1. Out of all the residues in the stretch 136-171, which are of a type in the set (F, W, Y) and in a helix (DSSP H, G or I)?
2. Looking only at the stretch 141-162, count how many residues are among the small types (G, A, S), within 27 Å of C48 (Cβ to Cβ), in contact with a helix residue (DSSP H, G or I) (Cβ under 9 Å, 6 or more places away or on another chain) and surrounded by fewer than 21 Cβ atoms within 10 Å (Cβ to Cβ).
3. It is to be established whether one or more residues within the stretch 1-14 are touching a strand residue (DSSP E or B) at 6+ places or on another chain (Cβ under 7 Å), among the acidic types (D, E), within 24 Å of A154 (Cβ to Cβ) and surrounded by 18 or more Cβ atoms within 10 Å (Cβ to Cβ).
4. Within the stretch 50-72, how many residues turn out to be of a type outside the set (D, E) and either more than 19 Å from V103 (Cβ to Cβ) or without any contact (Cβ under 8 Å) to a residue 40 or more places away in the chain (or both)?
5. For V103, state whether it is part of a loop (DSSP other than H, G, I, E, B) and buried (at least 16 other Cβ atoms within 10 Å of the Cβ).
6. Output the residue which, of all residues in the stretch 53-76 that are assigned to a strand (DSSP E or B) and of a type in the set (D, E), is farthest from the chain's Cα centre (by Cα).
7. Among the basic types (K, R) and at pLDDT below 95: which single residue out of R192, R174 fits that description?
8. Before we move on, is S34 of a type in the set (G, A, S) and either crowded, with 18+ Cβ neighbours inside 10 Å or in contact (Cβ under 8 Å) with a residue 24 or more places away in the chain (or both)?
Amino acid sequence: MFTGIIEAVGHIAELKLRGKEWRLKVSCSSLDMSDVQLGDSIAVNGCCLTVTEFDGSSFCADVSNETLSLTSFQNLKVGSKVNLEKALMPKSRLGGHLVSGHVDGLGELLEQHEDGGSWRLVFRVPDELAKYIAQKGSICIDGASLTVNTVDGACFGVNIIPHTQQATIIHTYRPGQRVNIEVDQIARYLERLMLGERAAQGRDHKQAGGITAEFLSSHGFDR
């Protein structure tokens, strides 16, 4: 688990194909590695990776083809900057929100403009993720916990204060940028819970497609 509070910005030092999977080496001289052990989790641009090798200023992790295909890792190259966060410890402050490090999909930056010292950014997500995003709710973008300011269909807006701009890779974003998106876990669990007994019926069941008007009516939500 993570908090979405970025601890350091690193960069990709190596990206090599080893067998059928990729080996990623991240240079992270500004990340405190004193308490890192083999097998620990570190979020790289919001994607939870397992440390397979490390020293005082870098670590390695294996990345499957599945992860490459579902995340912005497919666009990484040697020298690319990445957001880094070590896994949450029980004594840590929860400064952002609970983040699993499991990317739900890719978003795209549509608009970017200044607002005082802050930036206003508008992203679009895949249609299937739109239902999980709520105004004033939480969203994780490339591992950074942010508050949703506006929602319009599959588009949402966030405000980026100067500190966040400089402490993350967000200051490098330009319209068209593809980013890793993780929606709030509460929204995902709530959707599953609302299915009730239908959750056990499987994807192919005709009633297992999600919340319908009939379902809401039968549970008193039209009164």
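1. Within the stretch 136-171, no residue meets the criteria.
2. 1
3. no
4. Matching residues across the stretch 50-72 total 13.
5. In short, yes.
6. Among residues in the stretch 53-76 that are assigned to a strand (DSSP E or B) and of a type in the set (D, E), the one farthest from the chain's Cα centre (by Cα) is E53.
7. Exactly one residue qualifies, and that residue is R192.
8. Criteria not met by S34.
The values are calculated or read from the model by the stated rules, or taken from the named source; none is laboratory data. Keep in mind that this is a model prediction, so the values were computed, not measured. Backbone-built Cβ (ideal geometry, glycine too); neighbour counts: all protein chains shown.
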